[in-house]
Structure formats: C-alpha cells, structure tokens
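Read-outs throughout are calculated quantities, based only on the coordinates presented, and are distinct from any laboratory measurement. Computed from a prediction, not measured in an experiment: that's the story for all the values here. Please note: Cβ atoms are built from the backbone with ideal geometry, for glycine as well, and neighbour counts cover all protein chains shown.
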Amino acid sequence: MSFLVVGLGNPGPEYEHTRHNAGFVAVDLLAENLCASYWKDEAGAKVAHVRLGDEELLLAEPQTFMNVSGAAVAKLVETYDIAFERMVVVHDDIDLPAGAVRVKRGGGHGGHNGLRSLSERLGGGDYLRVRVGVGRPPGRMDPADFVLQPMRRDALDELDAACTVAAQAVMHVLEYGIESAMQEYNAD
C-alpha cells in the first residue's frame, strides 16, 4: 500500500450534514474522482482500494465515533504497514476560517478529539494533514455543539466547496509531495 488517506467524521445520518464530517465529505469526493468502485468494511472503517498512477491508495473513513477513531486507523496502519509520511488525515478545524483549507505535517491535536485519538493510538502526531476550516462557534457556544449541529444550506454549500478543495489538496500531496502542497494551499 502506497498511501493511507483517512477522512475523520462520525457515522450515521444524523451527522451527515455537520461540520465535524468534513473529512468524510472530502474523502468521498476523492473516491469519486479516483473512480472507487466499492467500499468495504475493514478494521472498524469503511475502506476503498484505488489507484493513482502507479500508487495504490487506501481510502478510509472510521465507522467508530470521532473520539475513538484512532483504534480503527491504528489497525489499518498496522495491517498495511503505513509510515506517518504515507498517511494523510483530512479533518475539520475550528481554528481556520470557514471555507479555508490548509496542509501541514504533524502537530498537536488542538483540542480535536479525533486527532487526539489518532495521536494516542499511533504513538505520535507526525502524519500529514489536510485541514478544512469550519470557523469558530458564535458567542459562547460550545465548540462540540457547533461542529455537531446540522448546518444551514449556505454553510453546507461553503463546506462542500471547501471539501472539494481539500480533495484536490490531498491529490496534490499524493502527486507532488507535502512541501509542494503546503506552498500551493497555504499561500494566502
């Protein structure tokens, strides 16, 4: 396996149109772009095997809840012997303005429980990341409530557009490397 691309989110229709599922949306778009023919269940995740040129990719969406997604990802990393520099994680980020997309290598979890779970289960956070900005919650709203609430149509359209860019950013990482992707997507 050349690369593992993980989209973070929560399973179930009640979470489908929430900010916290940005990773799922972006990986679904990536799967569509790469003509993934089917998804299967493996290691607690929904996975699809696809090719990008000579590279074999494993797309994954953990079907555990966000806060324990590291268990499924750790199983996939072990099964396919994936190194951190060959793993890209796509996730929502309240510290970025809504609609922004950024690429980075490693870092802390920044309060994101999905990243916290991954880093704990993998023994570190040096994996590659594509961050999808969802903005800060209004007023004194709890960030967890903000990312888990259903979105209005205009906010959902903005998130879908950002997830399209995030899928393109993942492709850029896979084709040209993390440094090139950071220059391209972190420019403004």
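So what is the relative contact order of segment 66-136, in percent, for Cα pairs below 8 Å that sit 6 or more residues apart?
Relative contact order for segment 66-136 comes out at 49 percent.
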### Summary
Whole-Å distance linking the alpha carbon centroid of segment 1-25 with that of segment 152-182 is 13 Å
### Cβ-derived FRET efficiency at R0 41 Å, E184 paired with Y38, nearest 0.05
0.85
### Task
Filter the DSSP H helices in the chain by two things, a Kyte-Doolittle mean of at least 0.0 and an axial alpha-carbon span of 18 angstrom or more, and list the hits by number.
153-176
### Most fluctuating residue given options D126, D93, D41, as computed from a GNM of the chain linking Cα atoms under 10 Å
D41
### Label selected from (1) 0.97; (2) 0.93; (3) 1.10, the criterion being Rg/Rh (Cα atoms, Kirkwood Rh) as computed here
(2)
### Task
Provide the gained length on full extension for the span L52 to E78, in nm with one decimal, where the gain is 0.36 nm per separating residue minus the Cα-Cα distance.
7.2 nm
